[in-house]
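Below is one structure, written out as structure tokens; the observations come after it.
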Amino acid sequence: MRRSLAALSLAAAAALLAACTATAPAAEPVPSETTPTTSPSSADHRLIVGIQAVAYAHDGDTTVVSYTESQQLQDLLRSISHQDPAQETVDGPPGYDVQMTRYDYDGISLLSGSDGRASITVETATFHGVPVATQEGISVGSTRAEAMDAGARDGYDQNGDGIADWLDLGSVEISGTQSLVNPGSVGIQFVMLGLDGDTVRELQAPANDFSDL
């Protein structure tokens, strides 16, 4: 279901992006679409990377766009950057007959499939003058300690040295899925933090523990 823009306060936007207590609707292995919205707000310009949506506080308004709406995410990033993205076709992982398109906006990129869904990668703390962070305030350049204090937990140890190179932040249960990490548990989505040493290098969302794609 798709709806046009409607009023939403920044507090409500924060609730949409909040991680730890939300549960997605049953019957689908992915969450239902978050409604893109705008409304009055006193917040300064900032871009918030949530688990299921991106929020942009600007000019007294807050716009929220779900990751299920790739075109609207592209429109949002284009409106901030005032530029068209570089585009690249990307093959799926080995064994999957999938092709996706990467849209690179210089510091933020979207990876979109034919189903209209997208994921976001953030490699900058400021996107064309707009600060970018998670709902918890974690951004590129934050420390491991700051992320852990914000509720992050160890994720993937990429080089096998016993220290997680990726952290998982926040949690939304997705009904109809099964966790591959915690067998018998419902799968979850979260924001993933990539680190160089003890410094956050990038933000990725939505990440999950129930799919190998």
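Rounded to the nearest 20 debye, what is the charge dipole size of the range 74-209 about its Cα centre when +1 sits on each Lys and Arg Cβ and -1 on each Asp and Glu Cβ?
Dipole magnitude for the range 74-209 comes out near 280 debye.
Which net charge results when you count Lys and Arg as +1 and Asp and Glu as -1 among the other residues whose beta-carbon is under 10 Å from that of ARG201?
My count for the surroundings of ARG201 gives -4.
Taking 0.36 nm per residue of separation and subtracting the Cα-Cα distance, what length does fully extending ASP149 through VAL186 add? Walk me through the numbers on the way to the answer.
Values: separation 37, 0.36 × 37 = 13.32 nm, distance 2.49 nm.
In short, 10.8 nm is gained.
Taking amide H positions as placed in the peptide plane 1.01 Å from N, state which residues far from PHE210 in sequence (5 or more) or on other chains have amide H under 5 Å from it.
LEU180, ILE188
Below 13 angstrom from the Cβ of PRO85, what's the summed charge of the other residues (Lys, Arg +1; Asp, Glu -1)?
Taking every other residue near PRO85 into account, the sum is -3.
Long-range amide H contacts for THR62: which residues qualify at under 5 Å (H placed 1.01 Å from N, peptide plane, sequence gap of 5 or more or a different chain)?
So THR62 has HN proximity to SER39.
Where a number appears in this text, it was derived from the coordinates with a stated rule and is not lab data. Note that the structure is predicted; figures quoted are calculated from it, not measured. Cβ atoms come from the backbone with ideal geometry, glycine included; neighbour counts cover every protein chain shown.
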